[in-house]
Each structure stands twice: as structure tokens, then as C-alpha cells.
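The values are calculated or read from the model by the stated rules, or taken from the named source; none is laboratory data. Keep in mind that what you see is a predicted model, and the values were worked out from it rather than measured. No Cβ is skipped: glycine too gets one built from the backbone with ideal geometry, and neighbour counts run over all protein chains shown. With ligands, DNA and RNA removed, areas are computed over all heavy atoms of the protein, side chains included. Shrake-Rupley method; radii C 1.70, N 1.55, O 1.52, S 1.80 Å.
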Amino acid sequence: LELGVNLIDTAPAYGEAEARLGKWVAAHRGEIVLVTKCGERHEGGVSAWDFSVKGLAASVEGSLRRLKTDHVDVVLLHSDGRDEERLDEAAEVLCKMKTSGKARAIGISAKTEEGVRRGAEQSDVVMAPFSTSDPALGPALEAAHRAGAGILGIKAAAQGRAADPAAAIAFAASRPFIDCVVVGTLNPAHLEAAVRSVEKAGLPK
């Protein structure tokens, strides 16, 4: 928050992340945009998938409990790569989460061009990889943005493999169709460097 970062992205698939964030979220709920996911969970060090209506609903309820809140700003379907099929399976429960007020917006963390397209048609937000080394989904994301979807760009620094991660993040943030770059890091200094690179480029993201 001190750096100006106000979007927090988490998921049941990220181990104990939601539980660790819960107390902090409760103290700062009005200051942040809170994003979580459903469809994938973390068990015994491996991913487990459940796209059933019951499983997705239970996943969101569990996230709300761990995050100590009665709603999240965005719930994303944590796709396993079969984006189109998974969206069809999840449409009912995602819509119920939105109409019930448990999620203000719904969407997909997509891996494919078709997933990005369908996500823009059927939901509010699309999350997908976009970087200098992996720009393949750029045209689909641009089209989704024109269609009115909010776009969250991930893996801008190629999961730490970019030669200059801060510059790579600034590049992704500079694309007009990327509304927010989601940065994952274990090192606060790296996060600060990323924020400063975006500020230096004069970008409001």
C-alpha cells in the first residue's frame, strides 16, 4: 500500500496465501481491490482441480472465510487450459456469486486465445500471460479490452526469467489494453523496483 499497490491477487491454489493474508485484508479491506480464484486448490504440494458447481461454490466460500471478508472484488476461474469447456461448466456458479454480492465481478484466468475471447463475451475480467517474451495473447487481449473486459496481465517478467524484470513489467503496463499488471515476487525490493519503473515511464498503473 505504501508503494501505491492496491490490487491483491490470490487463490486457493497458492498454498497458505489466503490464510496468511486474511488478517491484513480485514484491516485494509476498503483500501484494496481483492481478487481470488476458484477451480484449483493446493493439496499435499500438488494442484487438484474441481470445476463442479458444488466444488466452485465451496471454493469461493472457503476463500471468503480465509480472507476474512464477505465479498471479493473479482472471482476468476482458475483454468487448467481447457478454457472454453471450463467456462461453460462454471458459468452458473460464477453468475450466482455476482448476483449474491459475494463477487463484484467475475472472469477467467485464461491460457488460450479462445479462453480470452470467451471470457470477454461471458464475464467482466480476463487475466492472461503477456510479456515481451510471450506476446502471443496480445491481439486477443486487445480485442477483449475493446469489448469492455478488464484485463489483468500476468507473467510480465517471465516469472523472474526476464533479463530486466522491472523494465519488462513497465513494458507490459504500457500496453493500452492492459489495465493492471499483476506482479508476483518473494522480494519486496523487486516489487519496489517494478513500481518505480512504471512510475518512471509515466504510467498510471
Going residue by residue through segment 16-33, the Karplus relation 6.51 cos²θ - 1.76 cosθ + 1.60 with θ = phi - 60° gives ³J(HN,Hα) values, rounded to whole Hz and with x marking Gly or Pro, of 8, 4, 4, 5, 5, 7, x, 5, 5, 4, 4, 7, 10, 3, x, 9, 10, 9
Label model pair Glu85, Glu16: point-to-point distance (7 angstrom along the Cα→beta-carbon line) in nm is 3.5 nm
Percent antiparallel among DSSP beta bridges confined to the chain, nearest 5, equals 15 percent
What one gets for segment 65-135 as the Kirkwood radius, inverse of mean 1/r over different Cα pairs in Å, is 12.6 Å
Using a 1.4 Å probe on heavy atoms of the protein chains only, the accessible area for Glu31 in Å², nearest 10, reads 100 Å²
When the charge dipole of the chain is computed with +1 on Lys and Arg Cβ and -1 on Asp and Glu Cβ about the Cα centre, the Cα farthest towards its positive end, among Ala167, Ala120, Gly81, belongs to Ala167
SASA check, Arg29, accessible area w/ 1.4 Å probe, all protein chains in place, rounded to nearest 10 Å², comes out at 40 Å²
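Tell me, what is the per residue accessible area of the chain in Å², probe radius 1.4 Å? Write out the running numbers ahead of the final one.
Values: 10240 Å² over 205 residues.
Averaged over the residues of the chain, the accessible area is 50 Å².
Given the alpha-carbon gyration tensor of segment 50-205, what are the semi-axes of its equivalent ellipsoid in whole angstrom, ordered largest first, with each equal to the square root of 5 times an eigenvalue?
28, 18, 14
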Each label sits 7 Å from Cα toward the beta-carbon; between Glu61 and Ser133 the label points are separated, in nm, by 4.2 nm
For the chain, the count of lysine pairs 8 or more apart or interchain whose alpha-carbon atoms are under 20 Å apart comes to 17
For segment 1-138, the Debye formula with one identical point scatterer on each Cα and no solvent gives log10 I(q)/I(0) at q = 0.10, 0.11, 0.14, 0.19 Å⁻¹ as -0.31, -0.38, -0.62, -1.11
Using a 1.4 Å probe on heavy atoms of the protein chains only, the accessible area for Thr185 in Å², nearest 10, reads 60 Å²
